[in-house]
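Input: a single structure, listed below in structure tokens.
The values are calculated or read from the model by the stated rules, or taken from the named source; none is laboratory data. Quick caveat: nothing in here was measured; it's all calculated off a predicted structure. Positions of Cβ are backbone-derived with ideal geometry, glycine not excepted, and every protein chain shown enters the neighbour counts.
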Amino acid sequence: MEVNRKEFYIGLLLAVSSSIFIGASFILKKKGLLRLASTGSTRAGHGGYAYLKEWLWWAGLVSMGVGEAANFAAYAFAPATLVTPLGALSVLVSAVLSSYFLNERLNIHGKIGCLLCIIGSTVMVIHAPREEEVSSLSAMAEKLKDPGFIVYAVSVVGSSLVLMFAVAPRYGQKNVLVYILICSVIGSLSVSCVKGLGIGIKELFSGIAVLKEPLFWVLIICLVICITIQISYLNKALDIFNTSLVTPIYYVFFTTSVMACSAILFKEWLRMTTDGALGTVSGFLTILIGIFLLHAFKDITFTLDSMPLFLKKSNQGAVPNHDLTTDESKLRRDMNSNGGGKPWLL
């Protein structure tokens with residue numbers, strides 16, 4: 001029992017560390033992209049790749065790599081129902097750090113939306129059924145040949161190509177969902193590749209000659225392509241939109257895409273209980289509400305400090321500026337401005 005408890009705390013520490021590194025990686029990448037923008041280099045949002053010469057961007061990439069490695073290791077010590085929901089902490093870490101280091105603000109609607117996204121994702125993960133065990137690369141190959149997964153993969157590739165070449169050039173710099181959708185759906189395929197490669201590596205250490213298997217190398221090539229696309233379009237999103245907006249939406253869509261892909265590939269839905277189905281649906285609806293609050297009201301300046309003024313206006317109608325106190329006049333000016341201001345805290 002003591003050994004199990006020790007392993008549990010190791011897994012917990014790894015999961016929390018993973019969220020910290022991943023959340024910090026968004027800030028480092030954004031700082032690097034902002035530095036490049038100030039020098040006049042072609043921005044990532046306009047197709048530039050000058051960020052490859054920026055050390056802050058590479059620091060962010062290394063931070064994300066360390067976080068993903070810690071997250072992978074956490075599954076070896078702690079149950080998935082603990083590790084996966086803790087990934088939502090990266091959203092909070094990124095949001096808090098962006099308020100200090102990027103001077104980005106998030107109104108009360110955005111904060112509530114961020115919280116709802118995390119709650120909804122956590123509920124979905126908790127109620128999701130366990131995936132079917134796959135112990136060999138040959139068994140994984142049979143899973144990949146399933147007609148349902150083939151249809152899903154073709155749909156993902158087709159929709160991603162449409163988004164990349166038809167939608168992104170016209171709407172990518174106006175709508176945050178375009179680039180994030182590309183990263184998320186492609187990311188679901190990259191996770192499948194990672195699972196297959198993990199099985200192959202375990203067999204390799206067991207003495208099985210998996211290097212002679214074509215599937216092993218196909219998975220590596222597909223993983224490289226998927227990760228390259230994810231990095232490119234995530235940089236475009238970070239370069240154009242606020243980190244406090246990109247991070248939670250990316251987490252929600254990525255998590256949902258991965259769970260959908262895993263359900264199709266491993267057929268977990270065949271073993272879902274009524275409670276699990278209701279929990280998944282309620283979690284998904286919560287996510288939709290959170291995304292709506294994040295996206296629809298992102299340009300409205302509204303904080304808890306301004307609530308008394310809003311209540312006063314709703315009860316008494318419009319109040320002339322000359323009837324307001326000095327503090328209320330300053331608050332009204334702050335509410336009508338779109339600029340910076342003091343950083344927000346969750």
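Of note:
- Qualifying residue in the range 238-250 (condition: modelled with pLDDT of 85 or more, β-branched (Val, Ile, Thr) and farther than 20 Å from Lys143 by Cα): yes
- Of all residues assigned to the range 278-300, at least one qualifies as being at pLDDT below 75, outside any helix (DSSP H, G or I), touching a helix residue (DSSP H, G or I) at 6+ places or on another chain (Cβ under 7 Å) and surrounded by 13 or more Cβ atoms within 10 Å (Cβ to Cβ).
- When Asn235, Asn242 are checked against the criterion of being touching an Asp or Glu at 6+ places or on another chain (Cβ under 6 Å) and within 24 Å of Cys117 (Cβ to Cβ), Asn242 stands alone in meeting it.
- Of the residues in the range 194-203, at least one is surrounded by fewer than 16 Cβ atoms within 10 Å (Cβ to Cβ) and among the small types (Gly, Ala, Ser).
- Residue satisfying condition, being surrounded by fewer than 20 Cβ atoms within 10 Å (Cβ to Cβ) and either at pLDDT 85 or above or not in a helix (DSSP H, G or I) (or both), within set Ile180, Ile220: Ile220
- When we screen Leu56, Leu82, Leu28, Leu33 for residues that are surrounded by fewer than 19 Cβ atoms within 10 Å (Cβ to Cβ), modelled with pLDDT of 70 or more and part of a helix (DSSP H, G or I), the only hit is Leu56.
- Check on Ile126, modelled with pLDDT of 80 or more and either within 24 Å of Lys29 (Cα to Cα) or among the aliphatic types (A, V, I, L, M) (or both): no
- Hits in the range 241-277 - residues which are in contact with a His (Cβ under 9 Å, 6 or more places away or on another chain) and surrounded by fewer than 21 Cβ atoms within 10 Å (Cβ to Cβ): Met272, Thr273, Asp275, Gly276, Ala277
- Condition check for Ser160: surrounded by fewer than 18 Cβ atoms within 10 Å (Cβ to Cβ), polar (S, T, N, Q) and either over 24 Å from Ile287 (Cβ atoms) or modelled with pLDDT of 90 or more (or both): no
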